[in-house]
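**Student:** Got a structure for you, written out below as structure tokens; questions coming shortly.
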Amino acid sequence: MQKYIKELQNDCSKFFSSDEFNREFYYDGNDLGFTYSKDATTFKLWSPVASKVSVNLYKSGYKDDLMMQIPMIKGDKGVFEVTVDGDLEGVYYTYFVMIEDIRIMDRSNGENVAYEYHEGEGYVTNETFDPYAKAAGVNGRRSMVVNLSNTNPDGWDEDKSPEFDQMTDAVIYEMHVRDISIDESSGIKAKGKFLGLIENGTVNKSGSSTGIDHMKELGVTHVHLLPSYDYQTIDEADPDNKNFNWGYDPQNYNLPEGSYSTNPFDGHVRIKEFKEMVAGFHKNGIRVIMDVVYNHTFSAYDSCFNMTMPNYYYRNDGHVNSNGSGCGNETASDRLMFRKYMIDSCKYWVKEYHVDGLRFDLMAVHDIETMDELSRELKKINPSIIIYGEGWNGGPSLLDKKKACFKDNAKQFPLIAAFSDDIRDAIKGSVMDEEDKGFINGGLKEKSGEALESMVNTIKFGICGATKHPQIKTQEYFNEEKCPKFWASNPTQCITYVSVHDNWTLWDKLNITCPDASEQDKIRMNKLSAAIIFTSQGIPLFQAGEEMLRSKPTKDGYEENSYNSSDEVNSIKWERKDKYKDVVEYYKGLISFRKAHKALRMTTEDEVAGCIQFADTENAGVVAFSIDAKNAGDISDSIYVIINGNDDAYKAELPDGTWSVFANAEKAGTTALATANTTIEVPGLSAVILAK
């Protein structure tokens, strides 16, 4: 490797992506990290630039109790290896790495820094945890050898995911592990823990169900857990601390977060309890999706990646790291060893932890080739797995936009869905502008001309799941910035939503944009938003607590970015379930109606274009559409939906026949509320959903 040092110093970015480097150093084995048996454990670390590597064995995950340091032998492809005899189960370890004539690039300003640089002697020494660690001690700074079979809860081999047919059958509930249980009103004992998510029989003070029982009542099919791998900013050594973070600051990618376990000091516990959580959800008929953040690490220069293979895992121009994540660094998925790392890591979570889906943060930091290969590999393991992500990045990136997983490129990665920020912003106003209003909250009165027409057009675009439809105007008609293009190849690629953890909650956005509106009117807006989402094609997703008008108030208003705010701001206040019971029931009813009608869950672009017909309402504030069963293969019902974003009532003409009303301004469900022929009145700020 020493012959390449000069090139590394000049511009490692080009060299690390070269065919020459890949021929010499790409390692295709599946045994990096440790391979355990009762008789011996083999350690392997990929570090072509290292001159010496040793493995350090410790009794604990945090004490000064080094047992021995064992030199490793450098073999082919830059892999260091050593086998240690004896049963090392439960032993903690780190790597001690010596790298000559190279320094590590800083994450932000391009200064060459290192964990410990020996000035004048020309080498760097680092002690670091294993990038491929599967277990770790408290705060993740020491890896641990583990016999994974010892972490399996009773019945784990028989654990099966609930039945699930097609992607658009999903109803996804996005939540943070701690938020669900930490408030006293939850009635949950294991507050803030993985196990708290699966406690059955929990209730608030009024006796209303909370936690997993509430999720079952709603009818959600999947829970989307905000990052639950080991992340860096929470002190696991203080289990009673009130520190909070969403978890978008990765440290160990292949093991669960310790602060969510009942004992972060024992590396086995977090693994077993995560598995218990997954099994508990499965037993209750709910699948589990993990939020994953491979696009950046909490820091770059002192990460386990840079401590073992400086500058390889991150994109840079030879002087400063690229910052497509907006967090100071971005990983290089297009380099073969990080591509392999991502794919191996995702496959590990699916196989070892039985997770049913993955959500990728800032997916456009990743290249299309990697994500397409990743999705195909995961589908081989679990054909019903859901994979989706944010079809954008967080800042300027060195990755060519044509090669990146932007949602506009979605047709090049057909097995992966993307969030439709189009319908999100059309419904409630831009998340980038506090005062901007959408279809449900005053945008109809404030916008005019092309801006108004574009907003209404985008509502229709979202209803069709971002797929091509003959009645939706294209970018050639509008200013390109105002009109989305048809980016989804099928509605299975579209995540339809109006609020998630980012930005203001839906209820807070309504309070900000409509400060003078009555609470009753804002509730109607919230219900109208839900009616749009659950009658749109694609895969519906909503933020935990949206159904009970979740709010994040502060002294000065409402918290937009609560990633490290207090539990007081972030936690679910379960008494709101009783206060806003009618809204909870409305969400529950919409979900049950969606499940009962396959017409709302089409899977192909041709079905959508052939079945959905928008009516000419001659009113910009009213969107009405029919779904005609005659034009789809196995759809046996016809549906008519009228969405009224105006303050005033609207008298709508109905297609021929007798229609049953299943949703109005107050209620929704699978029991008919009334029948209608010829016309029906739709109150302001409401939707009517009919079927026959």
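Only the coordinates and a few stated rules stand behind these numbers; no lab work does. Please read these numbers as outputs of a predicted model, since none were measured by experiment. Positions of Cβ are backbone-derived with ideal geometry, glycine not excepted, and every protein chain shown enters the neighbour counts.
**Student:** Placing unit charges on C-beta atoms (Lys and Arg positive, Asp and Glu negative, everything else neutral), compute the dipole magnitude of region 455-521 about its Cα centre in debye, rounded to 20.
**Tutor:** That gives region 455-521 a dipole magnitude of about 460 debye.
**Student:** Can you check what the Kirkwood hydrodynamic radius comes to for region 450-527, Cα pairs only, in Å to one decimal?
**Tutor:** Computed over Cα pairs of region 450-527, the Kirkwood hydrodynamic radius comes out at 14.4 Å.
**Student:** State the answer as a single residue: which of Asn311, Val293, Ser206 lies farthest towards the positive end of the charge dipole of the chain, with beta carbon charges of +1 for Lys and Arg and -1 for Asp and Glu, about the Cα centre.
**Tutor:** Ser206
**Student:** A further question on this structure: Between their Cα atoms, which of Lys189/Lys283; Lys347/Lys468; Lys44/Lys347 are more than 31 Å away from each other?
**Tutor:** Over 31 Å Cα-Cα: Lys347/Lys468.
**Student:** Here is a further query. Taking a ≥ b ≥ c as the square roots of the Cα gyration tensor eigenvalues, with a/c under 1.5 meaning rounded and otherwise prolate when a/b beats b/c, else oblate, which class fits region 133-250?
**Tutor:** Judged from the Cα gyration tensor, region 133-250 comes out oblate (a/c at least 1.5, b/c at or above a/b).
**Student:** Next question, about the same structure. With everything on Cα atoms, drop me the angle between helix 5-16 and the longest principal axis of the chain, reported from 0 to 90° to the nearest 10.
**Tutor:** 30 degrees
**Student:** Compute the acute angle (0 to 90°) between the alpha-carbon long axis of helix 449-463 and the principal axis of greatest extent of the alpha-carbon atoms of the chain; round to the nearest 10°.
**Tutor:** Tilt relative to the chain: about 70 degrees.
**Student:** Show me 581-594, 673-686 ranked by packing, highest mean number of other Cβ atoms within 10 Å first.
**Tutor:** 581-594, 673-686
**Student:** Something else: Which semi-axes, in whole Å and largest first, does the equivalent ellipsoid of region 230-289 have when worked out from the alpha carbon gyration tensor as the square roots of 5 times its eigenvalues?
**Tutor:** That gives 21, 13, 11 Å for the three semi-axes.
**Student:** Let me ask something additional. Of Phe439, Gly328, Ile385, which is farthest towards the positive pole of the chain's charge dipole, taken about the Cα centre with +1 and -1 on the beta-carbons of Lys, Arg and Asp, Glu respectively?
**Tutor:** Ile385
**Student:** To continue, here is another question. Might you report the magnitude of the Cβ-based charge dipole of region 481-615 about its Cα centre, with Lys and Arg at +1 and Asp and Glu at -1, to the nearest 20 debye?
**Tutor:** Computed about the Cα centre, the dipole is about 440 debye.
**Student:** Pairs Lys193/Lys667; Lys275/Lys402; Lys447/Lys522; Lys522/Lys692: which exceed 27 Å Cα-Cα?
**Tutor:** Lys193/Lys667; Lys275/Lys402; Lys522/Lys692
**Student:** Could you tell me which label, among (1) 18, 49, 27, 6, 0; (2) 13, 29, 31, 19, 7, 1; (3) 18, 54, 26, 1, carries the value of P(r) over Cα pairs in 20 Å bins from 0, in percent calculated for this structure?
**Tutor:** Comparing each candidate, only (1) matches the computed number.
**Student:** Place a +1 charge on the Cβ of each Lys and Arg in region 345-450 and a -1 charge on the Cβ of each Asp and Glu, then give the dipole magnitude about the Cα centre in debye, rounded to the nearest 20.
**Tutor:** 440 debye
**Student:** Helix 368-381: angle to the longest alpha-carbon principal axis of the chain, degrees 0 to 90, nearest 10?
**Tutor:** Its long axis makes an angle of about 90 degrees.
**Student:** Run the simple label-point estimate for Asn56 and Asp87 please: 7 Å along Cα→C-beta, distance reported in nm.
**Tutor:** Taking the simple label geometry, Asn56 and Asp87 are separated by 2.7 nm.
**Student:** Using the Cα centre of the chain as origin and beta-carbon charges of +1 (Lys, Arg) and -1 (Asp, Glu), tell me which of Leu452, Ile73, Thr617 is placed farthest towards the positive end of the dipole.
**Tutor:** Thr617
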